[in-house]
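Here's the structure we're looking at; comments come further down.
Since every read-out is calculated from the coordinates, none of them should be taken as a lab result. These figures come from a predicted structure and were not determined experimentally. Cβ: placed from backbone, ideal geometry, glycine included. Neighbour counts: every protein chain shown.
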Amino acid sequence: MSIGLHNSEFKNPVVRWIDQRMPVFTMMQKEYGTFPTPKNFNYFWNFGALAMVTLLIMIATGIFLSMNYAAHTSLAFDSVERIMRDVNFGWLIRYIHMNGASMFFIVVYIHIFRGMYYGSYKAPRELLWMLGVVIFLLMMATAFMGYVLPWGQMSFWGAKVITNLFSAIPFVGDSITTLLWGGYSVDNPTLNRFFSLHYLLPFVIAGLVVLHIWALHVVGNNNPTGVSVKSSQDTLPFHPYYTMKDAFAIVVFFMFFAFWIFFAPNYLGHAINYQEANPLVTPAHIVPEWYFLPFYAILRAVPDKLGGVIAMFGSILILFALPWLDTSKVRSGNYRPLFKGFFWIFAIVCVALGYLGSKPAEGLYVVFSRILTVYYFAHFLVILPLLELLESPKPLPASISDSLIAKNKPAAVPAE
């Protein structure tokens with residue numbers, strides 16, 4: 001193995017001096033400068049960058065909030081009120097963090113559905129997709145534990161209901177629940193554990209994001225046609241073309257984000273959470289945050305407690321098997337007429353489950369939840385495998401460049 005300085009091509013003497021000894025700038029130039037990227041990306045491909053920006057915002061604001069938060073059942077609620085009232089710009093930092101969780105899930109849900117529509121989970125991107133599902137699971141765990149920290153009524157009872165679900169697991173359920181609680185009820189040890197994990201997990205997510213990007217740069221990006229890159233004519237360097245496109249999307253996203261922070265900061269939450277936790281008073285209607293509602297509806301749709309837990313976790317874990325359940329050789333939904341129709345039905349079902357999850361578990365709400373839960377699993381286990389047999393895809397373009405030429409070709413003008 002030869003030992004010596006790296007042959008850096010940078011002109012700046014300081015940058016070159018660092019790069020010769022630790023070629024981090026060469027790596028960044030390769031991975032984010034000259035990295036070949038399909039030239040036909042639409043704006044749905046910006047949501048990966050938006051998710052990364054949102055994660056950084058959540059980590060930064062979380063660090064500042066933790067400096068003023070007291071993880072004790074007798075102090076937590078008051079410490080949050082102190083952040084809102086007495087800490088300089090504490091209200092702003094908390095509203096950014098609180099609404100940032102919703103923004104994070106909005107961005108990630110669009111990112112996931114974009115991947116599902118355009119077949120970004122298909123070979124050779126299976127591991128890339130599976131890493132994304134792991135990130136999604138850790139996001140959900142982090143968001144749940146973060147919602148407990150203000151120690152309001154919905155925080156306390158949400159923690160009690162969700163952690164109690166683990167007691168349904170045969171043989172080890174009670175032990176897992178006791179371990180989560182740190183005792184025999186949701187109390188101070190529970191709050192301490194949730195605070196520690198809520199602070200730690202975002203850094204684990206950041207590490208997995210690095211692996212996610214690494215896997216992406218090994219196999220390359222998918223694109224709206226689903227056709228693999230054939231030549232250099234199909235690609236553009238990531239910078240400046242997509243850095244500028246990402247920058248524009250980030251500005252628009254910040255405008256959307258700012259609306260919720262300054263004009264509707266509490267709209268996506270629950271007013272009852274501004275009442276301090278009281279173990280002796282149960283809220284009339286316990287519901288989680290909006291981004292958990294579809295899975296909450298699936299949980300309640302099954303009358304058996306263990307069955308509901310299996311269905312709820314199964315609705316997420318089934319995403320790991322998606323690359324093998326959809327056996328069609330065509331990636332993009334643009335060229336799969338039947339798949340496109342069923343995809344939008346599935347999207348509507350997910351939204352409807354979210355609505356049903358926000359309603360009481362009674363009457364027709366339960367009936368419709370059961371019907372839609374069956375359809376949710378049927379989409380993965382029945383519909384997608386059958387589409388390979390029943391569907392006749394449209395002809396694919398020969399290359400990405402050909403698809404762009406055909407798309408931008410002017411319509412023929414009839415002769416006079």
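Some observations on this one:
- Distant alpha-carbon pairs in the range 287-390 (separation over 25 angstrom), percent: 24 percent
- Note on the chain: with a GNM built from Cα contacts shorter than 10 Å, the maximum mean-square fluctuation among 151, 290, 344 falls on 344.
- Span-like helix ranges in the chain, DSSP H, alpha carbon extent 15 angstrom or more, Kyte mean at least -0.5: 47-66, 90-117, 126-148, 153-164, 188-219, 238-263, 305-317, 337-357, 363-378
- Sequence-distant lysines (8 or more away, or on other chains) whose Cα lies within less than 20 Å of residue 329: 122, 230, 340, 394
- Of all the options 251, 287, 309, the one that moves most in a Gaussian network model of the chain with Cα springs shorter than 10 angstrom is 251.
- For residue 37, the residues whose modelled amide H falls within less than 5 Å of its own, excluding neighbours fewer than 5 places apart on the same chain, are 236, 238.
- Per DSSP, loop GluC sites (Glu not before Pro) in the range 354-409 with at most 12 further Cβ within 10 Å: 362
- Helix content alone sets the calculated 222 nm mean residue ellipticity of the chain: runs of n ≥ 4 DSSP H residues at -39500 (n - 2.57) each, divided across all residues, give -20500 deg cm²/dmol.
- Taking other residues whose beta carbon is less than 15 angstrom from the beta carbon of residue 154, and scoring Lys, Arg as +1 and Asp, Glu as -1, yields -1.
- Its alpha carbons considered, the range 257-303 gives a radius of gyration followed by a Dmax of 14.0, 42 Å.
- Among 408, 47, 181 the positive-end extreme of the charge dipole of the chain (Cβ point charges): 408
- Just checking the listed ones, 264, 101, 141: in the Gaussian network model of the chain with Cα springs under 10 Å, the one fluctuating most is 264.
- Value of Rg to Rh for the range 176-318, rounded to two decimals, is 1.07; Kirkwood radius and Rg both from alpha-carbon coordinates.
- Equivalent ellipsoid, the range 35-279 (semi-axes from 5 times Cα gyration tensor eigenvalues, Å): 37, 23, 14
- Cα-based shape type of the range 68-173, given that a ≥ b ≥ c are square roots of the gyration tensor eigenvalues and the cut on a/c is 1.5: oblate
- Here the chain yields Rg over Rh of 1.01, to two decimals, using C-alpha coordinates and the Kirkwood radius.
- Relative to the Cα centre, the charge distribution of the range 35-279, modelled as +1 at Lys and Arg Cβ and -1 at Asp and Glu Cβ, gives a dipole magnitude of about 600 debye.
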